[in-house]
Amino acid sequence: MEAGVVVAVVVVVVVVLVLALSLRMVQQYQRGIVFRFGRVLERVRQPGLHLIIPIADRMVRVSMQTTVIGVPPQGAITRDNVTLTVDAVVYYRVVDPVKALVNIRDYPAAVLQVAQTAMRSVIGKADLDTLLGDRDRINAELKSVIDAPTEKPWGLLIERVEVKDVSLPEGMKRSMSRQAEAERERRARVIAADGEFQASRRLAD
């Protein structure tokens, strides 16, 4: 009788242990990738509770949420030879979890490196006026350049890229301030001269 109880307890413990090793939970924002003896299984596990084979299978969960990374300030030279510092923010998400897990080792770090390189490249092809005045165009070019090497081979989608801040050297800021002041003075003189001309015509009439 006692032996039967011991055997039953052992069986229950083994069953519980096997279930604990076999059950895997995938959250709503995740997808599960199963490796069976090191090989990726084609079927991606959707959110929910899943059974895997203990020892033979290993499940890795990949987040499908949009990730935001800040690109540190990058020094660059514009097409019109102005030295400045630009920082940006990149929004991306995983669209193919198998590629993101297998084809690239650390995709957040890879996206950051691609973004830094793309910023220097795009800014080097634009002049200062475009960078300051047409920010949407610069953002679209950055998104296109970053998305090209990451979507198909890495399974990532760049959703949005935004340039946050453009820092100019102090000398350039003073020069731009003097230029703006001179432009305001020029317009004021033109307006005053035009007023005098109109007044003289009225007097002549």
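The values are calculated or read from the model by the stated rules, or taken from the named source; none is laboratory data. The structure presented is a predicted model; accordingly, all values stated were derived computationally and were not measured. All Cβ positions, glycine included, derive from the backbone under ideal geometry; neighbour counts span all protein chains shown. SASA here: full protein model, heavy atoms, side chains in, ligands and nucleic acids out. Shrake-Rupley method; radii C 1.70, N 1.55, O 1.52, S 1.80 Å.
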> Which of the chymotrypsin sites (Phe, Trp or Tyr not before Pro) found in the stretch 1-88 are loop residues per DSSP with 13 or fewer other Cβ atoms within 10 Å of their Cβ?
Replying inline: TYR29, PHE37
> With the radius of gyration and the Kirkwood radius both derived from the Cα set of the stretch 73-157, what is their ratio Rg to Rh?
Replying inline: 1.04
>> Just to be sure I understand, if you calculate volume of the Cα convex hull per residue in Å³ for this structure, which of [x] 196; [y] 160; [z] 179 do you get?
In response: [x]
> So how strong a dipole does the stretch 12-77 carry about its Cα centre when Lys and Arg Cβ are +1 and Asp and Glu Cβ are -1, to the nearest 20 debye?
Replying inline: 120
> In debye to the nearest 20, how big a dipole does the stretch 1-137 give about its Cα centre with +1 on each Lys and Arg Cβ and -1 on each Asp and Glu Cβ?
Replying inline: 440
> Where in the stretch 26-52 does the amide nitrogen come within less than 14 Å of the point 7 Å from the Cα of VAL14, taken along Cα to Cβ?
Replying inline: none
> Pick from ILE52, ILE33, ILE158: which residue has the top mean-square fluctuation in a GNM of the chain where Cα pairs under 10 Å get a spring?
Replying inline: ILE52
> Pulled fully out, how much extra length does the chain show between LEU21 and GLU151, if you take 0.36 nm times their separation in residues and subtract their Cα-Cα distance?
Replying inline: 43.3 nm
> What's the tally of Lys pairs in the chain whose alpha-carbon atoms lie under 16 angstrom apart, where the two lysines are 8 or more places apart or on different chains?
Replying inline: 4
>> Using a Gaussian network model on the chain with a 10 Å cutoff between Cα atoms, which of ILE146, ILE191, ILE53 fluctuates the most?
In response: ILE191
>> Just want to confirm a number: the relative contact order over the chain, from Cα pairs under 8 angstrom separated by 6+ residues, in percent.
In response: 17
> Taking the chain as a Gaussian network, where each spring joins two C-alpha atoms under 10 Å apart, which residue of ARG187, ARG36, ARG135 fluctuates the most?
Replying inline: ARG187
> Using a 1.4 angstrom probe with every protein chain in place, what is the largest-first accessible-area order of GLU185, GLU196, GLU162, GLU42?
Replying inline: GLU42, GLU196, GLU185, GLU162
